[in-house]
Amino acid sequence: MGKFFKLIYNEEIKLYIRKSTWIMYIVLAGLIIGIAALTNTFDQGKNYTSDNWRTELQKENKALQKDTEDYIKETNPDEDDFYVNMNQEEMDRNNYYLEHDIQPQNYGAWQFTSDNAGLLSVVSLLTIIVAAGTVANEFRWGTIKLLLIRPISRSVILLSKYVSVLLFALITLVFVLALSLISGGMFFGFEDSLQTVVTSHGELQQTSLVTETLSSYGYQIVNLIMMTTFAFMISVLFRNSALAIGIAIFLMLSGNSIVGFFQDRAWAKYILFANTDLQQYTTGSPLMEGMTMQFSITVLIVYYIIFIALSWIMFTKRDVAGF
Amino acid sequence: MAEFAMELIHTKKRIGQKEIIKGLSFQIKKGEVFGFIGPNGAGKTTTIRMMVGLMNITSGDILIQGNSIKTKFKEAIKEVGAIVENPEMYPFMTGWQNLMHYARMSSDVTKERVHEVVALVGLEKAINQKVGRYSLGMRQRLGIAQALLSYPSILILDEPTNGLDPAGIREIRQYIRRIAEEEQVSVIISSHLLSEIEMMCDRIGIIKNGELITIESVRAAVGESEKEKELLMMQVEAAPIDKAINLLQAKHSIKAVREEKMLVFQTEKENVPSIIKTLVEQDIAIYQAGVAKKSLEDKFFDLIGENTIG
Ligand SMILES: Nc1ncnc2c1ncn2[C@@H]1O[C@H](COP(=O)(O)OP(=O)(O)O)[C@@H](O)[C@H]1O
Ligand SMILES: [Mg+2]
């Protein structure tokens, strides 16, 4: 085994040997299976067959149309009402199926997995907890002293810890994907074909469910990596995991509000959270004027370099003192 | 090959405005057991943290087998095994898992070596228990095992007797002497209680308020018991006392300390007549002269007193 690989191995052992890590996975598994069971009970499940899907879709559209009209009569909403838009989108999608003569898919494991992309915020949360603990815990346990008196530079130790955190995120992500597919398959079965219709740059398009699933997970990974790296930095700076978890989770939850609050300032587009959602450029509605994909990626890279550089400087230069 | 196992060259440590270590210079010889003694807060742990690179050295340097811990960290630290302050290990892992964790961090440590160090500290029975359930003595031993893993030539133990009962202290003492002989290492062992470690040391360095007060040999090659009898802690009431202190320094190279009206110093028995003679010849009045019960007793410690860093 290579030396660096052994360091990673050490870190993963220290992580997975603890019960608290297993509890994380049990909670995740409970969430996924619970969501599958709930979806199964409450969603009556449309059942399209090759004979009836056209009439089914037309029936749905009629119902949606009526629903929208009733809603407008009752509440007299604005031009840009969320509920109206949602119904309209669904009708557009149904029309797309009809026009292009594509049979829509019944709900299945892949669709379920794709819908679970939101669970990535739970994965982010768990990774933040792990990232916040990896350095701070060694200080809390006092084992940092034994860790840093080996013939290995502090930079390499820090890198091994950082990579181990990312590895944890990857393992957890694969766990969510796999368990979603498995429990989706058990509750709903797998789709017959993987074709689906999505909105891209404001237009409906045909694509594969697998691509769609992976890309919706992929976009969220940006946020995961940024917040994880941030928590890692805070824990290196303050050597305190609770503080790092607190700040990182607070920012993660309030990120959008922060951006909203400062929206009309010129510098608002430089806020980290205005740039973490790269999907805003594929769906075609960027948060603020003048923002492009390149702009956001540049901002993200700058933040990332700052997080990593601060962590590295603080970890390699500072005294490991008793208090 | 470097002449000394370790060499401190005017090592200073300042934290904020406070100078905690005020220019320490001394050497650790190859294969010796060196006792590093001082009251709580004297700066033992701070010095040890600098020796192993946990703390930056404000000025001066520390050489380990000739390599500076500042500029040649990897080469220097390769020679060292250490416990700094408490023997902290991962409480949720077994003793064995803890040792394997550190074994993987050095390139030359095999499983056989891990078994070997476990046997050396006598932890075979408990090695598969979680460290969280270890007693302090067991953790201390596991700490020593960990420090020995990668065949160090210098073993640094910071207060290994702290918190142990007399039986535990006796055990540690035996291990350390045995390890020093079997593993051919220099041992630096710190304590705030002279009596707890003097018996296993070859030399003792005394530190107070971040300064080295004295270095004494306590144990020559001839053999422990014999040597111990010869080394006396003298108490002499003399006047004028300052002149007496200077005389001892000048004529006998003895560093004496003043304790109220008494002059306290340590010397070998055969030197006592000539010392008294020197004092008398130089018109120093001697009112009483005596020997403290044991060689380097706690008494010596009373005289050094507590730290006055404020
Ligand atoms: N990180 C620190 N910041 C400020 N003062 C410190 C720090 N670490 C130690 N000290 C001070 O340095 C002195 C020496 O401490 P230490 O080396 O722990 O002594 P010892 O190990 O001999 O008991 C003490 O007065 C302590 O208060
Ligand atoms: Mg100490």
Could you pull out the residue among B:Ile144, B:Ile188, B:Ile172 that is within 16 Å of ligand 2 (Cβ to nearest atom), surrounded by 22 or more Cβ atoms within 10 Å (Cβ to Cβ) and in contact (Cβ under 8 Å) with a residue 12 or more places away in the chain?
-> B:Ile188
Flagged in the range A:310-323 as open to solvent by 40 Å² or more (accessible area, probe 1.4 Å) and more than 7 Å from ligand 1 (Cβ to nearest atom), in numbering order, are A:Leu310, A:Trp312, A:Ile313, A:Met314, A:Lys317, A:Arg318
Identify the residue in the range B:59-95 that is buried (at least 16 other Cβ atoms within 10 Å of the Cβ) and of a type in the set (Ser, Thr, Tyr) and, among all such residues, is farthest from ligand 2 (Cβ to nearest atom).
-> B:Thr94
Taking the stated definitions as given, is B:Gly60 within 20 Å of the chain's Cα centre (by Cα) and more than 8 Å from chain A (Cβ to nearest Cβ)?
-> no
Criterion violated by B:Arg170 - all others in (1) within 17 Å of the chain's Cα centre (by Cα); (2) away from ligand 1 (no atom under 16 Å from the Cβ); (3) at pLDDT below 90; (4) within 14 Å of chain A (Cβ to nearest Cβ) satisfied | (4)
Looking at the range B:100-117, which of its residues are surrounded by fewer than 17 Cβ atoms within 10 Å (Cβ to Cβ) and within 14 Å of chain A (Cβ to nearest Cβ)?
-> B:Ser107, B:Asp108, B:Thr110, B:Lys111
Restrict the check to the range A:243-258 and report whether at least one residue is more than 14 Å from every other protein chain (Cβ to nearest Cβ) and outside any helix (DSSP H, G or I).
-> no
All conditions in (1) loosely packed, with under 11 Cβ neighbours inside 10 Å; (2) free of Cβ contacts under 8 Å to residues at least 24 places away in the same chain; (3) more than 14 Å from chain B (Cβ to nearest Cβ) are true of A:Asn47 except (2)
Could you list, in sequence order, the residues of the range B:19-58 that are away from ligand 2 (no atom under 16 Å from the Cβ), over 23 Å from B:Lys74 (Cβ atoms) and open to solvent by 10 Å² or more (accessible area, probe 1.4 Å)?
-> B:Glu19, B:Lys22, B:Gly23, B:Ser25, B:Lys29, B:Gly31, B:Glu32
May I ask you to list pairs of residues, at least six apart or on different chains, whose Cβ atoms are under 8 Å apart, with the first in the range A:99-127 being farther than 30 Å from A:Lys19 by Cβ and the second being open to solvent by 50 Å² or more (accessible area, probe 1.4 Å) and among the aromatic types (Phe, Trp, Tyr)?
-> A:Gly108/A:Phe190; A:Ala109/A:Phe190; A:Trp110/A:Phe190
In the set A:Ser216, A:Ser285, which member is in contact (Cβ under 8 Å) with a residue 40 or more places away in the chain and either within 16 Å of ligand 1 (Cβ to nearest atom) or open to solvent by 30 Å² or more (accessible area, probe 1.4 Å) (or both)?
-> A:Ser285
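The values are calculated or read from the model by the stated rules, or taken from the named source; none is laboratory data. All values reported here derive from a predicted model rather than from experimental measurement. Backbone-built Cβ (ideal geometry, glycine too); neighbour counts: all protein chains shown. Just so you know, the surface numbers come from the protein's heavy atoms only, side chains and all, with ligands and any DNA or RNA stripped out. Shrake-Rupley method; radii C 1.70, N 1.55, O 1.52, S 1.80 Å.
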